[in-house]
Amino acid sequence: MINQKIFLQHLCFHVIAFLIFTILSPLSMLHAQQPERIILNVTAQPATSMAVTWRTATEASDPKAEITIARAQPDLDEDALKFIPTSEWVSINEDQKVQYHSVVFTNLQPNTLYAYRVGDNDHWSPWNQFRTASVQPEPFKFVNFGDPQNDIYSLCSRVFRMAYTIAPDARFWHFVGDIVNHGDRDNEWGELYDAFGWIAQVTPMMLLPGNHGYPKVMNSLKKESHLNQFWRPQFTLPQNGPKGLEETVYFVDYQGVRLIMLNGNEMLEEQVVWLDSILADNPNRWTISAMHQPLYSTGRDRDNPKLQQLFGPIYDKYHVDLVLQGHDHTYGRTGKIFNGKLVGDNEQGTVYVVSVSGTKIYDLNPRYEKLMEKIGTGRQLFQVISATPKKLSYESWTANSELFDQFELKK
Ligand SMILES: [Fe+2]
Ligand SMILES: [Fe+2]
């Protein structure tokens, strides 16, 4: 009798185990091929192209992206064009690899709303929509974020959501580095995508790496730092910068504004030469440059005289209008600066901004206080920057939607 009971218990166990294996295992395989961490990125030709990247936990079979001009009717798949991605494997820890897939949609029409989706024949993302840029100068806005870096899921998410509430029509989001605290940790990047929600699927991101994107690793008994292994696979950014700095140094001309992304972590001299060359040939009304490390430091007792010496003269020479920076976990916005000194509102000069969107807070640095029009610390912030052919309007908002700082530049 007891033996029979034990036999039945064993039988039950094996039947349940078999059911779990046969039902759940294919389900988890299905889930593993579902596109995740989908993100749009700006390209160097924003009027006619758009980049999208996603990943799958296992090998995707026949991955593709589809795109069509958005319309009210739901039959979007009927005439969608197919793009085959470039796919690559990336190790996320010692015994797990994932597959990243990237596509650049090309030959798009300017100033047009498109619908796209990514996946394979059995696992699709939603149809997401984005608008291409106009060819000619037209008013537009974008949102800028200083370092998110810490508490990305719990506390940066509210900044992202408020930014989307205040400026839902922003054409792209612009990040000046230290996007996560440890660039080589997959879970921190995962927090970022969770905090973005679907926003990254409809608003292209424009990013550059900070020092935390260059994690320190021991290499033959000495510490070295390199761009983290996730950056290039998970973003598809322009490659029009100096050789060796692809997808970290680049420029985009967007409706009358030249936006330049610089990398303050390596090869600075090469970037100065490149910056000089692209600013010598710049037909845009406005020029906005960005680098993680600031020229005029606002945090702790920091100072970056080398960055002032290298980049200050180029910004002066070509009358760069605005420089967006992070790194110092405080807020500071200068008046117009030329040759290291404040100049009048109607003179040629450059405004330098340091901001932070995350939770790491530093004390204020009094070193350049005299150059600052507005300075503060302890707040999570984002900036909405609007450009028209005659006016550049800048607003700095807090996480709870208070207007913290603003100014305008006119030409
Ligand atoms: Fe930093
Ligand atoms: Fe930082």
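Of note:
- Taking a Cβ cut-off of under 12 Å around Thr398, the surrounding Lys, Arg, Asp and Glu residues balance to a net charge of -1, with basic ones at +1 and acidic ones at -1.
- Placing a label point 7 Å from the Cα of Asp301 along the Cα-to-Cβ direction, no residue of the range 323-338 has its backbone N under 17 Å from that point.
- Taking a sphere under 13 Å around the Cβ of Val98 and counting the other residues whose Cβ falls inside, with K and R at +1 and D and E at -1, yields a net charge of -2.
- Rolling a 1.4 Å probe across the protein heavy atoms gives the range 36-131 an accessible surface of 47 Å² per residue.
- Charge sum, other residues only, whose C-beta stays under 11 Å from Val249's C-beta, Lys/Arg counted +1 and Asp/Glu -1: -3
- In Å, descending, principal axis extents of the Cα set of the chain: 96, 53, 44
- Counting only Cβ charges, +1 for Lys and Arg and -1 for Asp and Glu, the dipole size of the chain around its Cα centre is about 700 debye.
- Farthest toward positive dipole pole in the chain [+1 Lys/Arg, -1 Asp/Glu at C-beta], among Val42, Trp286, Phe235: Trp286
- Near-label residues of the range 296-331 by backbone N, under 15 Å of a point 7 Å along Cα→Cβ of Glu369: 297-302, 331
- Here the spin labels are modelled as points 7 Å beyond Cα on the Cα-Cβ line, and at Asn282 and Ser401 they lie 3.5 nm apart.
- Relative contact order (%) - criterion: Cα under 8 Å, at least six apart; region: the chain: 14
- Cα-based helix-to-principal-axis angle, 157-166 vs the chain, degrees rounded to 10: 60
- Calculated FRET efficiency for the pair Gln348/His31, C-beta based, R₀ 56 Å, to 0.05: 0.50
- Alpha carbon convex hull of the range 243-331, volume per residue in cubic angstrom: 100
- Cα coordinate range in the range 36-131, projected on the principal axes (Å, largest first): 45, 30, 17
- In this label model, Leu155 and Trp89 are separated by 3.9 nm, measuring between points 7 Å along each Cα→Cβ vector.
- Helical contribution to [θ] at 222 nm, DSSP H n ≥ 4, -39,500 (n - 2.57), averaged over the chain, rounded to 500: -5500 deg cm²/dmol
- For the range 56-129 and the range 240-319, distance of Cα centres in Å: 32
- Note that the range 276-320 presents 41 Å² accessible area per residue, ligands and nucleic acids not counted, probe 1.4 Å.
- Förster radius 35 Å - calculated FRET efficiency between Lys222 and Asp169, Cβ distance, rounded to 0.05: 0.10
- Backbone N within the range 40-78 under 15 Å of label point (7 Å from Glu138 Cα along the Cβ vector): 46-49, 70
The values are calculated or read from the model by the stated rules, or taken from the named source; none is laboratory data. Keep in mind the model is a prediction, meaning the values are calculated, not measured. FYI the Cβ positions are ideal-geometry reconstructions off the backbone, even for glycines, and counts take in every protein chain you see. Accessible surface is based on the protein model in full, side chains and every heavy atom, while ligands, DNA and RNA are left aside. Shrake-Rupley method; radii C 1.70, N 1.55, O 1.52, S 1.80 Å.
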